[in-house]
1. Projected onto the charge dipole of the chain (+1 at Lys/Arg Cβ, -1 at Asp/Glu Cβ, origin at the Cα centre), which of VAL42, ILE53, LEU70 gives the Cα projection farthest towards the positive end?
2. Using 7 Å Cα-to-Cβ label points, what is the ASP33/LYS20 separation (nm, one decimal)?
3. Can you give me the distance in nm between label points at ASN79 and ASP41, each placed 7 Å from the Cα along the Cα-to-Cβ direction?
4. Return the carbon/sulfur percentage of the accessible area of the chain, one whole number, probe 1.4 Å, all protein chains in place.
5. Could you give the accessible area per residue of the chain, probe 1.4 Å, as a whole number in Å²?
6. At 0.36 nm per residue, and after removing the present C-alpha to C-alpha distance, how many nm does the segment from SER8 to ILE53 gain when stretched out fully?
Amino acid sequence: MEKTGLISRNIGGDYKTELKDITSLTISNYGSDPITVVVNDVPRPVPAFNPEIGVPMSYNLPGDGTACSLTIEIKFNGNSKYAILDYRVYNPQAC
């Protein structure tokens, strides 16, 4: 399966989108407040960034070789609003 390169979006406030034909996805929380990631109407908490560890907490949907479409919503639970959405998309033209 051919995929696009990595697509990244900076998220600076509550955000909702439908992603089509994604093959992998990561939402990393770089803010000092927790966020809630809602995938297909199921909420999942993501803790705040811990500078002592130096690695952001994240929600990860690893690729398994198939493409799917999802509705993604990111809800910020405080004033610190900084997350990064990274994903790859199936690219049928590359096959």
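1. LEU70
2. So the two model labels end up 3.4 nm from each other.
3. About 3.6 nm, to one decimal.
4. Summing carbon and sulfur atoms, their accessible area is 48 percent of the total for the chain.
5. Working: 5510 Å² over 95 residues.
About 58 Å² of surface per residue is accessible.
6. Contour length minus Cα-Cα distance gives 13.9 nm.
The values are calculated or read from the model by the stated rules, or taken from the named source; none is laboratory data. Predicted model only: the values in this text are computed from it and were never measured. So basically every Cβ, Gly included, is an ideal-geometry build from the backbone, and we count neighbours across all protein chains shown. To get the accessible areas, we keep the full protein, side chains included, count just its heavy atoms, and leave off ligands, DNA and RNA. Shrake-Rupley method; radii C 1.70, N 1.55, O 1.52, S 1.80 Å.
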